[in-house]
Amino acid sequence: MSETITHSGEVTRLMAESIAKKIGEKPEDVIWFFELRSLIEASRSGRLDKAEIIRKPAGIDLPLHRLLTAGKKNLEKYRRIEEELRKAGLV
């Protein structure tokens, strides 16, 4: 890399692209994974204010079966990416 990187967003993008290339995923999916993992860890450690989340209206107008299907799909995606990252020695 001959160019100087000055923005942390640029660093994040380049890291996501490198990781995605290594595991065969899209960079935005890699970023999604780490954002979700961070939320899960914050929730488990008590750093996430659950009362604040409950006070904010969700505003989701979808039938329950579509929400469950989307949740199942996202869980499978999360587990797939986690396994690929584990095999690559990145988590």
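The values are calculated or read from the model by the stated rules, or taken from the named source; none is laboratory data. Values in this document were obtained by computation on a predicted structure and should not be read as measured data. When we count neighbours, we look across all protein chains shown, and the Cβ atoms used for this are built from the backbone with ideal geometry, even at glycine.
Just a few scattered comments:
- Of all residue pairs spaced 6 or more apart or on separate chains, none has beta-carbon atoms under 6 Å together with a first member in region 45-62 that is more than 20 Å from GLU35 (Cβ to Cβ) and a second member that is in a loop (DSSP other than H, G, I, E, B) and among the aromatic types (Phe, Trp, Tyr).
- Verdict on GLU25 being surrounded by 11 or more Cβ atoms within 10 Å (Cβ to Cβ), outside any helix (DSSP H, G or I) and in contact (Cβ under 8 Å) with a residue 12 or more places away in the chain: yes
- Residues that are of a type in the set (S, T, N, Q), modelled with pLDDT under 95 and farther than 27 Å from GLU76 by Cβ occur in region 7-30; there is at least one.
- Qualifying residue in region 37-45 (condition: more than 25 Å from ALA16 (Cβ to Cβ) and exposed (fewer than 11 other Cβ atoms within 10 Å of the Cβ)): no
- Just one residue in the set LEU48, LEU62 is part of a loop (DSSP other than H, G, I, E, B), at pLDDT below 95 and surrounded by 12 or more Cβ atoms within 10 Å (Cβ to Cβ); that residue is LEU48.
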